[in-house]
Amino acid sequence: MTAARALDSVFSTVLRRNPGESEFHQAVKEVLDSLELVLTKHPEYTEAGVVERICEPERQIIFRVPWVDDHGHVQLNRGFRVQYSSVLGPYKGGLRFHPSVRLDTIKFLGFEQIFKNALTGLPIGGGKGGSDFDPKGKSDAEVMRFCQSFMTELRMHIGAETDVPAGDIGVGGREIGYLFGQYKRLTNRYESGVLTGKAPAWGGSLARTEATGYGAVIFAQRMLQTIAESFDGKRVVVSGSGNVALYAIEKVRDLGGLVVAASDSGGYVYDPDGIDFALLRQIKEVERARISEYAARRGGRSEFRATGQVWDVAREPGGIAVALPCATQNELTDVDAATLVAGGVRAVAEGANMPCTPGAVRLFQEAGVLFAPGKAANAGGVATSALEMQQNASRDTWTFDHTANRLEDIMIHVHDACRRTAEEYGAPGNYVLGANIAGFTRVADAMLALGVI
Ligand code: NDP
Ligand code: 2IT
């Protein structure tokens with residue numbers, strides 16, 4: 001069978017086995033589309049059924065999460081953990097709490113996570129979990145009761161050597177604290193390495209909070225260097241204003257760039273004088289308020305816009321040189337990509353997972369825009385989680401600078417591996433191809449070595 005036919009056959013099976021899961025199909029298709037040359041060069045992968053096996057999660061767990069709200073009413077949510085691949089290490093990946101979460105969402109994220117984690121070069125497998133619980137508008141006590149109920153079930157499936165969850169949308173330091181507390185209570189073990197994203201005061205790693213955003217900007221900077229450019233003086237647009245977006249904004253500022261816009265699900269702010277990082281962080285991370293508050297307090301030339309897309313700022317005088325989508329999947333469409341290209345964009349790095357639609361990615365690539373897929377550009381978060389696991393295992397704590405330097409080295413390694421692999425496979429500058437092939441081959445070789453399991 002030719003490699004192309006083998007891939008078609010695997011994709012048909014994925015569609016048949018997972019009906020209606022469009023985001024999962026999208027993530028799988030993007031990877032399979034990169035693999036034809038690899039399978040032609042390595043028929044042993046097809047003979048061992050590697051691609052078909054990699055598309056099927058090792059284990060999928062779905063559970064009921066009942067909890068009691070502040071009015072004494074019983075509430076019900078659904079919990080998920082998809083343990084996707086453990087050939088390179090314990091399952092590793094975040095938990096997402098958002099009302100839009102379905103099994104489809106968790107499977108697409110878990111699938112991406114396998115290759116992302118492989119790209120870091122660290123010993124971590126791939127997994128993802130979450131719930132359709134919405135932390136927005138809930139009291140701390142409600143979030144705590146939900147997390148305790150969620151962990152009461154999840155704890156049977158996780159462990160420092162088995163599966164190590166962390167944060168994602170809607171799950172930050174507060175949630176990780178409540179989850180860890182309940183795990184500790186139920187197991188009577190202070191097993192620090194069972195969760196990452198913990199606060200540094202009780203087992204967390206310095207620089208983990210900043211890692212995903214910083215890492216995405218380090219990756220983008222390395223891409224810009226390949227065309228002899230840098231962030232210095234460039235106008236940048238970031239979507240979102242959560243964990244990833246905030247620290248991407250800080251890092252761009254530190255590298256001399258001007259972030260002129262950021263968003264949340266209620267709209268976006270345009271601030272031609274540059275987003276005030278400390279103010280935005282205070283409003284979004286500390287007060288958990290809406291981004292409209294930012295313009296109200298910042299004043300000057302900043303404005304809040306409740307309609308349109310954050311990408312529309314590419315139409316403002318001066319255009320946009322770099323775009324960093326850091327909110328959620330499929331938030332940047334082909335229409336938005338056309339707006340950015342017309343506004344002069346040179347580089348796009350995905351801080352979020354799969355934020356650009358396939359049409360948008362195609363348009364960027366055809367226009368010669370440097371494009372970094374999420375599984376490469378946002379790998380700094382999970383990489384620093386693996387550094388947190390190392391610190392926990394050795395009962396050590398590293399300084400911020402030591403950890404941040406290791407993060408930088410890892411991002412440069414990921415960037416260079418993607419670039420080198422793309423060149424090797426005859427597609428110089430194609431970071432999508434490079435990331436998919438470099439991630440896939442590391443996992444595939446381990447699968448061959450471990451036998452049919
Ligand atoms: P947060 O919950 O901290 O922030 C999410 C941000 O995105 C918020 O500004 C939120 O707005 C916005 N957002 C979320 N969902 C939607 C939606 N459906 N429509 C519009 N806006 C939305 O999450 P993170 O910053 O941690 O995650 C952002 C992205 O980065 C996700 O794709 C995640 O998978 C990815 N990622 C995260 C990593 C991490 O370490 N945290 C690591 C690697 C990738 P609002 O507040 O209004 O909901
Ligand atoms: O998408 C991701 O890589 C994350 N949400 C971080 C996962 C982790 O285990 O730190």
Next on the checklist: Could you list, ordered by first residue, the pairs with Cβ atoms under 9 Å in which the first is in the stretch 16-44 and farther than 24 Å from Val361 by Cα and open to solvent by less than 60 Å² (accessible area, probe 1.4 Å) and the second is among the aliphatic types (A, V, I, L, M) and part of a helix (DSSP H, G or I), at least 6 apart or interchain?
Outcome noted: Asn18/Val28; Asn18/Leu103; His42/Val50; His42/Ala444
Checklist outcome for this item: The correct count of residues that are touching a helix residue (DSSP H, G or I) at 6+ places or on another chain (Cβ under 6 Å) and in a helix (DSSP H, G or I) in the stretch 22-75 is 16
Next on the checklist: Here is a list: Val143, Val101, Val87, Val68. Which entry is touching a residue at least 12 places away in the same chain (Cβ under 8 Å), among the hydrophobic types (A, V, I, L, M, F, W, C) and under 17 Å from Ile158 (Cα atoms)?
Outcome noted: Val87
Checklist entry - How many residues are in contact with a strand residue (DSSP E or B) (Cβ under 8 Å, 6 or more places away or on another chain) and surrounded by 15 or more Cβ atoms within 10 Å (Cβ to Cβ) if we restrict to the stretch 51-70? => result 8
Checklist outcome for this item: Here the residues within the stretch 113-150 that are within 16 Å of ligand 2 (Cβ to nearest atom), part of a helix (DSSP H, G or I) and not β-branched (Val, Ile, Thr) are Gln113, Phe115, Lys116, Asn117, Ala118, Leu119
Next on the checklist: Restricting to the stretch 245-265, name every residue that is of a type outside the set (Lys, Arg) and over 21 Å from the mean Cα position of the chain (by Cα).
Outcome noted: Asp254, Leu255, Gly256, Gly257, Leu258, Val260
Next on the checklist: I'd like to verify a number: residues in the stretch 205-226 that are farther than 24 Å from Ala327 by Cβ and either open to solvent by less than 20 Å² (accessible area, probe 1.4 Å) or not aliphatic (A, V, I, L, M) (or both), how many?
Outcome noted: 3
Next on the checklist: I'd like to know if the stretch 71-80 contains one or more residues that are surrounded by 15 or more Cβ atoms within 10 Å (Cβ to Cβ), of a type outside the set (S, T, N, Q), within 16 Å of ligand 1 (Cβ to nearest atom) and at pLDDT 95 or above.
Outcome noted: yes
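Conditions (1) charged (D, E, K, R); (2) under 30 Å from Ala262 (Cβ atoms); (3) free of Cβ contacts under 8 Å to residues at least 24 places away in the same chain, marked per residue:
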| residue | (1), (2), (3) |
| --- | --- |
| Leu119 | no, yes, no |
| Asp134 | yes, yes, no |
| Arg155 | yes, no, no |
| Asp163 | yes, no, no |
| Val171 | no, yes, no |
| Val194 | no, no, no |
| Pro200 | no, yes, no |
Next on the checklist: Anything in the stretch 175-204 that is open to solvent by 20 Å² or more (accessible area, probe 1.4 Å), more than 16 Å from ligand 2 (Cβ to nearest atom) and part of a helix (DSSP H, G or I)? List them, or say none.
Outcome noted: Tyr178, Gly181, Lys184, Arg185, Leu186, Thr187, Ala201, Trp202
Checklist outcome for this item: Here the residues within the stretch 366-382 that are within 14 Å of ligand 2 (Cβ to nearest atom) and either farther than 12 Å from Tyr214 by Cα or assigned to a strand (DSSP E or B) (or both) are Pro373, Gly374, Lys375, Ala376, Val382
Checklist entry - Can you find even one residue in the stretch 219-230 that is in contact with a helix residue (DSSP H, G or I) (Cβ under 7 Å, 6 or more places away or on another chain) and within 16 Å of ligand 2 (Cβ to nearest atom)? => result yes
Checklist entry - Inside the stretch 394-415, can you point out the residues that are small (Gly, Ala, Ser) and surrounded by 13 or more Cβ atoms within 10 Å (Cβ to Cβ)? => result Ala404
Checklist entry - Would a scan of the stretch 320-333 turn up a residue that is open to solvent by less than 10 Å² (accessible area, probe 1.4 Å), part of a loop (DSSP other than H, G, I, E, B), in contact (Cβ under 8 Å) with a residue 60 or more places away in the chain and more than 16 Å from ligand 2 (Cβ to nearest atom)? => result yes
Checklist outcome for this item: Flagged in the stretch 81-111 as within 16 Å of ligand 1 (Cβ to nearest atom) and part of a loop (DSSP other than H, G, I, E, B), in numbering order, are His98, Pro99, Ser100, Val101, Arg102
Checklist entry - Across the stretch 236-277, which residue is nearest to ligand 2 (Cβ to nearest atom) among those that are assigned to a helix (DSSP H, G or I) and not aliphatic (A, V, I, L, M)? => result Asn243
Next on the checklist: Restricting to the stretch 431-453, name every residue that is at pLDDT 95 or above and open to solvent by 40 Å² or more (accessible area, probe 1.4 Å).
Outcome noted: Arg442, Asp445, Leu448, Ala449, Leu450, Val452
Checklist entry - Within the stretch 343-359, is even one residue without any contact (Cβ under 8 Å) to a residue 40 or more places away in the chain, open to solvent by 50 Å² or more (accessible area, probe 1.4 Å), out of contact with any His (no Cβ under 7 Å at 6 or more places or on another chain) and of a type outside the set (Phe, Trp, Tyr)? => result no
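The values are calculated or read from the model by the stated rules, or taken from the named source; none is laboratory data. On a predicted model such as this, the values are computed, not experimentally measured, just so you know. We place every Cβ from the backbone using ideal geometry, glycine too, and count neighbours over all the protein chains shown. Ligands, DNA and RNA are stripped out before the accessible areas are found, and what is left, the full protein with its side chains, is counted by its heavy atoms. Shrake-Rupley method; radii C 1.70, N 1.55, O 1.52, S 1.80 Å.
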